[in-house]
C-alpha cells in the first residue's frame, strides 16, 4: 500500500470514528448496533450513518476481503433506504392538515 493511499484511508477512518484507525473492528461493531436500531426508528439519518460505516469497513485494507466486499455492496442499499426515508418524510409532511 502506498503512503498516499494509507494516509487517505487513515484520514477518512479517523473522521468516521474515534478509534477506527487503531481498531477497525469497532466500525463493524458500530454498524451492527446501528442496524439493530433501524427497525424501531427508520430514520434517514440512521440509514446514512449505516451506509457511512459500511463505506469505512469496505475501504479498510486491514479487514478481510470477504468482509470488505460485503460492506461495499451494502453501501448502495443503505443509501437507497435513506433516500426512501427522506421521500416518506416529505410525503407525510405534505399530508399534515393545518
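The values are calculated or read from the model by the stated rules, or taken from the named source; none is laboratory data. Computed from a predicted model, the values in this text were never measured in an experiment. When we count neighbours, we look across all protein chains shown, and the Cβ atoms used for this are built from the backbone with ideal geometry, even at glycine.
Within segment 51-62, residues that are over 18 Å from residue 33 (Cβ atoms) have Cβ atoms under 8 Å from residues that are in a loop (DSSP other than H, G, I, E, B) in these pairs: 61/1; 62/24, counting only partners at least 6 apart in sequence or on another chain. Checked against (1) at pLDDT below 95; (2) part of a loop (DSSP other than H, G, I, E, B); (3) touching a helix residue (DSSP H, G or I) at 6+ places or on another chain (Cβ under 7 Å), residue 63 meets all criteria but (1).
Looking only at residues of segment 1-37 that are at pLDDT below 60 and more than 17 Å from residue 58 (Cβ to Cβ), we find that the one that is surrounded by the most Cβ atoms within 10 Å (Cβ to Cβ) is 7.
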